[in-house]
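Input: a single structure, listed below in structure tokens.
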Amino acid sequence: MSAKSKDSGGIAITDPEAVKELFGIYPATARFIGEKHETNYRTINGAKQPVEQTVKEFEASYTGEEPTVCPKCGAKMFSHGSRKTMICDTPNGGKASRIYVSVPRRRCSNPECHYIWKAEMEGIDDNRKITTRAEYSIIEQSVRNTFEEVARNYAMTSVSVLNIFSDFIAQHKEIMQFRMPEYLGIDEIKVNGQFITVMTNLEKHTMYDLLEKRTQDFLEEHFASLPLSEREKVKWVCSDMYRPFKKPIGAYLPNAKWAIDHFHVVMKANLAVDEIRKNIQNKYPGKTGAKFKHGPAYTLRKRLKDLDSDEADAIRWMRDDPDLNPLATAYDLKEDFFNIYDENLSSKENAQQAFADWEASLPPAPEDESEKDIYAPFRELASTVHNFYDPIFNVWDCDIAISNGYTECSNRLTRETHLRGRGYSFDRLRAKVLLRNVNIEKAIREGSSDYDGPVLTENNMSNLQYYEQTANDGFDLTAQGYSPGAHIDPETGEVIEPGSTEQLNITDKKESF
């Protein structure tokens with residue numbers, strides 16, 4: 001590292017209260033030394049590249065009381081010089097800043113004691129050599145940004161930022177324990193080849209928790225570890241048809257009813273049409289393509305009310321073709337299944353009857369067992385509904401329009417957070433997701449985060465349409481690509497996008513020099 005200093009003439013602040021307001025340390029006087037232009041190096045694709053940085057430097061001197069009598073033995077104490085320590089602080093005027101703090105030391109005159117006293121100042125973490133407010137700021141910035149990006153604003157290495165963040169989440173697990181929601185959403189996504197469980201508050205649209213596994217045993221152990229008074233708060237649980245959710249919900253959430261999100265049910269009707277389409281296209285290759293401007297798969301997934309005139313003509317053309325007529329019938333069955341929900345929003349009994357009528361309308365299976373059953377995917381769908389009959393139709397009993405759409409949206413935040421740091425441990429990923437929009441300092445001061453969890457705003461989540469367009473239980477981030485020129489930070493495992501060497505725009509309340 002090379003450096004070049006520019007002296008400012010030494011602006012001094014002699015009022016300890018003013019120093020406390022500006023720097024968060026007390027009691028001390030302070031002086032602005034000047035700016036230092038530094039050239040640091042970061043490894044990109046195995047090669048070291050220079051990163052220019054300007055650092056503002058300050059001096060601070062302890063002004064509090066010094067003992068004249070040894071607190072250990074009562075003997076007289078003498079001056080034992082002073083010690084100067086370099087402390088990182090929050091950015092000042094958009095530039096990294098550091099403070100050289102001088103504190104006096106005194107030594108006991110008793111030869112059998114030799115106690116050495118060193119002054120301690122409020123607002124400084126002596127172990128980390130950083131101001132307390134900078135530590136909180138680093139943690140809050142690390143939640144939203146990579147450790148590499150945060151490090152450039154504090155004149156420290158990305159590993160130092162990572163260690164500060166990791167130590168914090170290990171020491172303050174209580175601030176990520178939120179109130180159990182009355183309406184709990186549960187889903188799973190794949191991260192690093194392993195499924196994790198995502199839980200949300202569906203009523204207040206907040207994150208509730210991330211769990212490292214999704215197995216039945218793990219979920220049972222997790223819910224069993226929670227106080228009964230918390231578990232009794234849950235009235236409804238909404239999820240997909242993942243069977244291992246059933247037993248933990250029934251056994252450990254005594255007041256909860258399980259409702260299966262309607263999207264995961266109707267999605268299976270689209271999958272049934274897709275399977276039938278593939279079978280027919282394989283049997284009659286090239287026969288359907290010319291009539292569909294976007295291809296038959298695109299048109300057959302659309303709702304009837306959303307078809308344009310050309311697409312409606314293509315469906316009618318299939319209906320008149322004896323070879324393709326089963327595909328038009330499959331489309332009708334899909335639409336009728338969707339209408340079980342669309343046309344019976346206020347009546348559970350009508351919805352149940354609509355399903356019974358839909359099942360009865362399925363074309364009969366061929367009598368010859370050797371003949372392929374074209375509509376077998378829809379029979380499998382009907383069987384699935386019977387297997388999950390109560391939780392599917394429980395949706396109509398809920399006092400709110402319960403849906404797991406918000407949980408799917410929170411999945412996107414989890415995926416994007418993981419995508420930026422493929423080397424994140426589960427604990428770091430969980431903290432980065434759960435601590436968004438949490439006032440870290442306030443949560444620590446109050447001893448716990450007794451609230452409903454962080455809200456995902458439009459800045460960090462897409463609208464619910466994203467859920468219906470991209471929901472995929474098997475989504476694996478390890479298969480995703482990055483921007484051209486992106487690389488993996490060898491120290492933190494994070495993905496560093498090209499052109500990301502600029503500092504973050506971190507604002508603070510203190511005046512700049």
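Would you work out the charge dipole size for region 2-131 about its Cα centre, treating the Cβ of every Lys and Arg as +1 and the Cβ of every Asp and Glu as -1, and quote it to the nearest 20 debye?
That gives a dipole near 540 debye.
Cross-link candidates for LYS72: which lysines have Cα within less than 19 Å, leaving aside residues fewer than 8 places away along the same chain?
LYS118
Give the lysines whose C-alpha is closer than 22 Å to that of LYS302, dropping any in the same chain fewer than 8 places away, or say none.
Within the straight-line cut-off, LYS302 pairs with LYS268, LYS278, LYS287, LYS291, LYS293, LYS334.
Give me the lysines in straight-line cross-link reach of LYS204: C-alpha distance below 19 Å, same-chain residues under 8 apart excluded.
Within the straight-line limit of under 19 Å, LYS204 reaches these lysines: LYS233, LYS235, LYS257.
Peptides 313-319, 281-287, 340-346: what's the order by average Cβ count within 10 Å, highest mean first?
Answer by packing, highest mean first, reads 313-319, 340-346, 281-287.
Can you tell me the FRET efficiency between GLU17 and LYS173 if r is taken as the Cβ-Cβ distance and R0 is 41 Å, rounded to the nearest 0.05?
Working from the Cβ atoms, E equals 0.70.
Based only on other Cβ atoms within 10 Å, what is the fewest-to-most ordering of PHE337, PHE245, PHE168?
Ordered by Cβ neighbours within 10 Å, fewest first: PHE168, PHE245, PHE337.
Give me the net charge of TRP358's neighbourhood, meaning all other residues with Cβ under 12 Å from the Cβ of TRP358; Lys, Arg count +1, Asp, Glu -1.
My count for the surroundings of TRP358 gives -4.
With unit charges on the beta carbons (Lys and Arg positive, Asp and Glu negative) and the dipole taken about the Cα centre of region 2-131, which residue among PRO50, PRO104, PRO67 sits farthest to the positive side?
Towards the positive end, the residue furthest out is PRO50.
How big is the dipole moment of region 267-374 about its Cα centre under a simple scheme where the beta carbon of each Lys and Arg is +1, that of each Asp and Glu is -1, and everything else is neutral? Debye, nearest 20, please.
Roughly 580 debye, rounded to the nearest 20.
Charges on Cβ only, +1 for Lys and Arg, -1 for Asp and Glu, centred on the Cα centroid of region 267-374; of ASN344, SER361, TYR284, which one is farthest towards the dipole's positive end?
TYR284
For region 177-272, what is the charge dipole size about the Cα centre, in debye to the nearest 20, if Lys and Arg each add +1 at the Cβ and Asp and Glu each add -1 at the Cβ?
220 debye
Throughout, read-outs are computed from the coordinates displayed, never taken from laboratory work. Remember, it's a predicted structure, so these values are computed and weren't measured experimentally. For neighbour counting, all protein chains shown are included, and Cβ atoms are generated from backbone atoms with ideal geometry for every residue, glycine included.
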